[in-house]
Amino acid sequence: MAYKVAVVGATGNVGREMLDILAERRFPVSEVVALASPSSIGTEVSFGDRTLKCKVLDSYDFSDVDICLMSAGGSVAKEWAPRIGAQGCVVIDNSSAWRMDPDVPLVVPEVNAAAAAGFSKKNIIANPNCSTAQLVVALKPLHDAATIKRVVVSTYQSVSGAGKEGMDELFAQTRSVFVANPVEAKKFPKRIAFNLIPQIDVFMEDGFTKEEWKMVAETKKILDPKIKLVATCVRVPVFIGHSEAVNIEFEKPISADEARNILRSAPGVLVIDKHEDGGYITPHEAAGEDATYVSRIRTDPTVDNGLVLWCVSDNLRKGAALNAIQIAEVLMNRKLLAPKKRAA
């Protein structure tokens, strides 16, 4: 079985990563189509050892496409995902446009793969927010073991979460600092070079940012609506890799050693946790890797049945592109989607 796959937003950070991971994981494709905006027509992108020329989304016929991996922003997804789905193509969307739609599954395969079966209502499956994806991969096995009541999470999110513009801004500002040029802030609300910004996305009426709200709402939808969660999301001057400091309160007792052993056998998780200098993971080491890394697992003495841990993952991979392709693999492996018959 081989699937025809379209990648929308193929020239962006996540789109390029999707193409790389499709090739790395040898997803069975009969054809891969790179799609982008009219301004990118003819732009070349890599797929394995091949080069693809971008075609225009607006005029593309999806009637013989099986899977569309979409990473083109919320407004594009809101307009195009239903149109593409209506042509019998399953859209796996990386934006926030469809995540909270009750008829659209929000899927992290290590956590709730079975939910993918609900895609047929709209032919759309949503990818969660990058910071949510790695969090629920780490929380799921612990929740199964001791039932999570409450989570307090502080994130340290890399600039690649804001796209190529975010990465370019960090690079340009860092260079400006070293040569004593004026530092310009365009993509971010304040200077990001050698600084931290406690704001990701827009502010809401209650004082939380939309990124913080997404983590709460998405964790409840993916993992368990009973979990209470509060987040503080911070942009940091790191190019790739989101980090999270996570405090967890459980209903049942669970020790740090028990949690360590549970996480060591959990899908998608790698534990690096030595009580010594450097015995933990940082975003630099996680960049380019598929795993969600967990370190610094310890008892929280301030609450009953509490743990604290450090969680790091490559936000372009597990937080976006890899998760989308793992969803496509779920559709294939569970026989939820058969390739369309095509004329010879």
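What the Kirkwood sum gives for region 272-344 is a hydrodynamic radius of 15.3 Å, with every pair of different alpha carbons counted.
For an R0 of 22 angstrom, estimate the FRET efficiency from the Cβ-Cβ distance between K228 and E205 and round to the nearest 0.05.
0.65
Working from label points 7 Å from Cα in the Cα-to-Cβ sense, the D101 to A114 distance is 2.4 nm. By the compact-protein rule of thumb, 2.2 N^0.38 Å, the alpha-carbon radius of gyration of the chain corresponds to a ratio of 1.00. Here the ratio of the Cα radius of gyration of region 1-153 to 2.2 N^0.38 Å is 1.10. The phi-based Karplus calculation (6.51 cos²θ - 1.76 cosθ + 1.60; θ = phi - 60°) puts the 3J(HN,Hα) values of region 151-159 at 10, 10, 10, 10, 9, 10, 9, 6, 6 Hz, whole numbers, x for Gly and Pro.
Dipole magnitude for region 4-149: about 220 debye, using +1 per Lys or Arg Cβ and -1 per Asp or Glu Cβ, origin at the Cα centre.
What you get for the chain, charging only the Cβ of Lys and Arg (+1) and of Asp and Glu (-1), is a dipole of about 660 debye around the Cα centre.
With the simple model of a label 7 Å out from the Cα in the direction of the Cβ, E285 to K220 spans 3.6 nm. Accessible area ranking (1.4 Å probe, heavy atoms, ligands and nucleic acids excluded), largest first, for F203, F239: F203, F239.
Using R₀ = 41 Å, calculate the FRET efficiency as 1/(1 + (r/R₀)^6) where r is the Cβ-Cβ separation of R83 and V177; round to 0.05.
The calculated FRET efficiency here is 0.35.
Only lysines eight or more places from K78 in sequence, or on another chain, were considered; those with a Cα closer than 22 Å are K55, K121, K122, K164, K210, K214, K221. What list of ³J(HN,Hα) values in whole Hz, one per residue of region 123-140 in order, does the Karplus curve 6.51 cos²θ - 1.76 cosθ + 1.60 (θ = phi - 60°) give from phi, with Gly and Pro shown as x? Each residue of region 123-140 in turn: 6, 10, 10, 9, 8, x, 4, 4, 6, 6, 4, 5, 4, 6, 4, 6, 6, 3 Hz.
The values are calculated or read from the model by the stated rules, or taken from the named source; none is laboratory data. The shown structure was predicted, so the numbers you read here are calculated from the model rather than taken from an experiment. Methodologically, a virtual Cβ is constructed for each residue, glycine included, from the backbone with ideal geometry; neighbour enumeration extends over all protein chains shown. Heads up: the accessible areas ignore ligands, DNA and RNA and are worked out on the full protein's heavy atoms, side chains in. Shrake-Rupley method; radii C 1.70, N 1.55, O 1.52, S 1.80 Å.
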